[in-house]
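Let me begin by presenting the structure, written as structure tokens, before commenting on it.
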Amino acid sequence: MSCVRFAMMVLACLTAVDASAAQPDKRVAKALKKAGIEYSVDADGDYEILVSVGRRTHKVWVRSETSWFDAAEVRDIFAYAHVTPEGEGLPDDLYRSLLERHYKIGAWITEAGRAASFSAAIDARAKPHVLRSAILAVAESADDLEKELTGNEDAL
């Protein structure tokens with residue numbers, strides 16, 4: 001097989017994987033509709049939701065892609081709470097603070113040393129009311145940290 005033909009086959013396979021990864025999981029749409037939650041779907045195929053948190057709002061994403069642990073299929077729900085400017089990292093005292101916080105559902109994760117987001121993993125087949133509760137918990141947790149760090153800024 002020629003190198004060109006092999007490269008074309010690999011490219012075709014990668015393109016197929018990318019296309020399937022961007023497909024929204026229809027189970028999420030069904031659950032969100034049943035829960036009365038408005039949403040949009042982003043370029044990654046994830047569900048983007050603007051959640052009211054008191055007088056503020058916070059953007060939350062429900063991932064379409066799921067992962068498995070043994071017999072459990074889980075889905076991530078996350079929201080950014082703080083993103084540093086390009087070239088800056090999260091302050092060390094913020095890292096320590098995030099490690100010391102405890103929640104009933106979810107935990108803090110950092111991405112590329114520049115962003116702090118709150119994430120909860122739930123059953124991918126969660127009932128609409130459970131999905132709604134997890135979305136609210138993620139929004140409130142992320143918004144609390146955003147308020148703590150920025151005062152009244154409502155950017156995320």
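Just need a number here: residues in the range 43-65 that are modelled with pLDDT under 95 and of a type in the set (A, V, I, L, M).
So the answer is 2.
For the range 81-97, indicate whether the set of residues that are within 13 Å of the chain's Cα centre (by Cα) and either in a helix (DSSP H, G or I) or closer than 16 Å to TYR47 by Cβ (or both) is non-empty.
Initially, the range 81-97 is screened for residues within 13 Å of the chain's Cα centre (by Cα), giving 81.
Then keep just the ones that are either in a helix (DSSP H, G or I) or closer than 16 Å to TYR47 by Cβ (or both); that gives none.
The answer is no, given that none of the residues of the range 81-97 is within 13 Å of the chain's Cα centre (by Cα) and either in a helix (DSSP H, G or I) or closer than 16 Å to TYR47 by Cβ (or both).
Does the range 66-94 hold any residues that are modelled with pLDDT under 90 and of a type in the set (S, T, N, Q), and which are they?
Across the range 66-94, the qualifying residue is only THR84.
Considering TYR80, TYR47, which residue is touching a helix residue (DSSP H, G or I) at 6+ places or on another chain (Cβ under 6 Å) and either within 19 Å of LEU131 (Cβ to Cβ) or among the hydroxyl-bearing types (Ser, Thr, Tyr) (or both)? Outline the logic, then answer.
Working: TYR80 fails: touching a helix residue (DSSP H, G or I) at 6+ places or on another chain (Cβ under 6 Å).
Answer to the selection: TYR47.
If you scan the range 23-80, which residues turn out to be in contact (Cβ under 8 Å) with a residue 40 or more places away in the chain, in a helix (DSSP H, G or I) and of a type outside the set (Lys, Arg)?
Within the range 23-80, VAL28, ALA31, LEU32 qualify.
I need the full set of residues from the range 95-153 which are surrounded by 15 or more Cβ atoms within 10 Å (Cβ to Cβ), of a type in the set (D, E, K, R) and either closer than 27 Å to GLU73 by Cβ or modelled with pLDDT of 85 or more (or both), in order please.
The answer is ARG132, GLU140, ASP143, ASP144, GLU146, LYS147.
In this structure, does ALA107 turn out to be on the phi < 0 side of the Ramachandran plot and touching a helix residue (DSSP H, G or I) at 6+ places or on another chain (Cβ under 8 Å)? Step through it out loud before you land on a result.
Numbers: on the phi < 0 side of the Ramachandran plot: yes; touching a helix residue (DSSP H, G or I) at 6+ places or on another chain (Cβ under 8 Å): no.
Judged against the criteria, ALA107 is not a match.
Residue-wise test of (1) of a type in the set (Val, Ile, Thr); (2) touching a Lys or Arg at 6+ places or on another chain (Cβ under 8 Å).
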| position | (1), (2) |
| --- | --- |
| ARG75 | no, yes |
| ALA81 | no, no |
| GLY89 | no, yes |
| SER119 | no, no |
| ILE122 | yes, yes |
| ILE135 | yes, no |
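The values are calculated or read from the model by the stated rules, or taken from the named source; none is laboratory data. Keep in mind that what you see is a predicted model, and the values were worked out from it rather than measured. Glycine also receives a Cβ, built like all others from the backbone with ideal geometry; neighbour counts cover every protein chain displayed.
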